[in-house]
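Structure record follows, encoded as structure tokens.
The values are calculated or read from the model by the stated rules, or taken from the named source; none is laboratory data. None of the values given here were measured: they were computed from a predicted structure. Here the Cβ positions follow ideal geometry from the backbone for every residue, glycine too, while neighbour counts run over all protein chains shown.
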Amino acid sequence: MRNSTKRRFEASEKLILGDYVYALRDPRNGEVFYVGQGKKIRLFDHFSEADKYLKKKNIIASPKVKRILEIWDSGIDVEWFILAHNLKETSNITDVVEAAAISFLEINNFGKNFHQNRGKHASLLNPQQLSDLSAPHVNPKNNYSLVFLFPIQTNLKKKIPVKEATECCWRIAKKYHKQEALAVGLSEYLSRGVFKLEQWLPHMNKYRFDGEELKKHELFNKKYDRIISHAKAHWLRGNYLIIQFDGQGRFKILKGMAGKPVWIAI
């Protein structure tokens, strides 16, 4: 099995990465077997090198390539991590290199035993974190009069599925029950699920909703930090927000911010 989950970086991810330091890890035993530096798709060149060996058996395979091929023969992908990124834009390169080394130990199952923190310049990224970091900010082209933003990061850490984590359980005023609305589950300010609300059902003095999941909706996989920053104290206490979008680059916070709701530019 060749690494098929990812062989290139999206344009938005390249902007985040810049020059970077990376590591390749064997998922069979958690051992990091290669560390390098590069830019653009340098990380994936190692997989292309292994591809060439499979096509031309007469060339000599390096220990690195042999390890990659062994992992593929086991039916799994090589794991990779970005230890540090945007290095040319970082003023204190020494701190960055130190943080990258600590991150290296962390993913190689040693760091947590020797370091109490990863340093202020730590920038370790796995593939999912890189995708999350490069996600665009929410700015829908359509008007949505009622959108619930639910904090679900705690439930996701408990391995609760996104739909279940989003739909239950909330104190919702009855005036909102019959209005057409959407629900968005947010973790680390990123939307993990979008749902069209069909009905609210009583559940232990609160309410849960039934609704259709909208996997390709324009509110999905977007950053909401610019919106939440206007009601951060309310949000950080574990409360949900109710938002209205006008489809022209503005939003209102209908619940979660003191005072009369006003249009705010995204």
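Here Asp246 clears all of (1) in contact with a His (Cβ under 9 Å, 6 or more places away or on another chain); (2) under 16 Å from Asn143 (Cα atoms); (3) acidic (Asp, Glu) except the condition numbered (1).
Just one of the numbered conditions (1) out of contact with any helix residue (DSSP H, G or I) (no Cβ under 7 Å at 6 or more places or on another chain); (2) modelled with pLDDT under 90 is not true of Glu188: (1). For region 118-128, check the following and say yes or no: at least one residue is part of a strand (DSSP E or B), surrounded by 14 or more Cβ atoms within 10 Å (Cβ to Cβ) and not small (Gly, Ala, Ser). Within region 118-128, one or more residues are part of a strand (DSSP E or B), surrounded by 14 or more Cβ atoms within 10 Å (Cβ to Cβ) and not small (Gly, Ala, Ser).
Condition check: farther than 19 Å from Asn126 by Cβ, at pLDDT below 85 and exposed (fewer than 14 other Cβ atoms within 10 Å of the Cβ). Does Glu89 satisfy that? Yes: the conditions hold for Glu89. Taken over region 168-189, residues that are surrounded by 17 or more Cβ atoms within 10 Å (Cβ to Cβ), under 23 Å from Gly247 (Cβ atoms) and not small (Gly, Ala, Ser) amount to 4. Within region 14-41, being more than 20 Å from Ala99 (Cβ to Cβ) and either buried (at least 16 other Cβ atoms within 10 Å of the Cβ) or under 23 Å from the mean Cα position of the chain (by Cα) (or both) holds for Lys14, Leu15, Asp26, Pro27, Gly30, Phe33, Lys40, Ile41.
Regarding Asp132, is this residue modelled with pLDDT under 95 and under 30 Å from Asn29 (Cβ atoms)? Write out each step before concluding.
Working: modelled with pLDDT under 95: yes; under 30 Å from Asn29 (Cβ atoms): yes.
Criteria met by Asp132.
Within this structure, Ala165 fails the test of being in contact with a Gly (Cβ under 7 Å, 6 or more places away or on another chain), closer than 17 Å to Ile228 by Cα and surrounded by 17 or more Cβ atoms within 10 Å (Cβ to Cβ). Whether any residue in region 159-171 is among the aromatic types (Phe, Trp, Tyr) and in a loop (DSSP other than H, G, I, E, B) is what I want to check. No - not one qualifying residue is present in region 159-171.
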